[in-house]
Amino acid sequence: MELLYLNDSYIRQFAAKVVKKKNNLITLDRTAFYPGGGGLENDTGFLIRGNDRLRVKRVFESEGRVVHEIEGEIHEGDEVVGEVDWNRRYKMMRLHTASHVIASIAFNKYKALITGGHISEEYAKDDFDVDKKEVLSEIIREANEVIKRSINVKVYFLKREEARKIEGIVKLANRHPPSSDVWRIVEIEGIDIQADGGPHVRNTSEIGEVVLLKVENKGKGRKRVYYTVKP
């Protein structure tokens, strides 16, 4: 299976063939639908076959393949056009890239790691191992200053041995590094570098402004920050 989203997060439509079907779960020979992971929700959208638009309700990984849960009838061998819900995808791309900027500031300035998180279309939330709620407000302020600098975001691949030499390549507490021999790297030039499999924008200027929604105390040494982005 060709995973188009790994190389280009901006693919909105793609041609594919149905290679496996079980009830309403199908596998394609190639896909741009992101199956979710690392706290980021999956894509949704449509599969177009002739005049039929079949809704893609959910996308997930199973046994090393991306599976699409659809509404409607389809058959193995059918040729389709996949259409990603771009408004949803792009909002999550902006939030996801913002989360990298925030995580980098937390790690580099406060030696804080992410202990949990979730990104949806509406907002993101991250848990950090910090003691004071004020720290997260300051991190959001600093993140907006970084974002305004219009920094390029690069995606490339490194061998495991080389990637593991980079300090902070994994910024999630209690998260084991990827087990694969080749890691996908997302680098915000001069700001952050992480092993990550999800979609991002090409430049921080696309993020817009990060808006702090609230900060919660989740216990000693654990604070949760909620935020969104606006143009």
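Each value in this text was obtained by applying a stated rule to the coordinates, not by laboratory testing. All values reported here derive from a predicted model rather than from experimental measurement. Because the Cβ atoms are built from the backbone with ideal geometry, glycine has one as well, and the counts that use them run over all protein chains shown.
Can you compute the label reach from Asn152? Point 7 Å from Cα along the Cβ direction, backbone N cut-off under 13 Å, restricted to segment 188-214. Residues 188-190, 202-204 fall inside that zone.
Positive-end ranking of Val229, Asn87, Asn7 along the dipole of the chain, with charges on Cβ about the Cα centre, is headed by Val229. Once C-alpha pairs closer than 8 Å and six or more residues apart are averaged by separation and normalised to the residue number of segment 10-84, the relative contact order reads 40 percent. Spin-label pair Asn51-Ala15: with each label point 7 Å from Cα along the Cα-Cβ axis, the two points sit 2.2 nm from one another.
Each residue of segment 125-135 was assigned a 3J(HN,Hα) from its phi angle through the Karplus curve 6.51 cos²θ - 1.76 cosθ + 1.60 (θ = phi - 60°); the sequence is 9, 9, 9, 10, 8, 10, 8, 10, 5, 4, 4 Hz, with glycine and proline shown as x. Only aspartates and glutamates eight or more places from Lys159 in sequence, or on another chain, were considered; those with a Cα closer than 18 Å are Glu167, Asp181, Glu187, Asp196. Shown here for segment 111-146: GluC sites (Glu not before Pro) in loop regions (DSSP other than H, G, I, E, B) with at most 14 other Cβ atoms within 10 Å, namely Glu122. What shape does segment 158-231 take by its C-alpha gyration tensor, where a ≥ b ≥ c are the square roots of the eigenvalues and a/c under 1.5 counts as rounded, a/b above b/c as prolate, and the rest as oblate? In terms of gyration-tensor shape, oblate.
Output the antiparallel fraction of DSSP beta bridges having both residues in segment 1-151, as a percent to the nearest 5. That works out to approximately 90 percent antiparallel.
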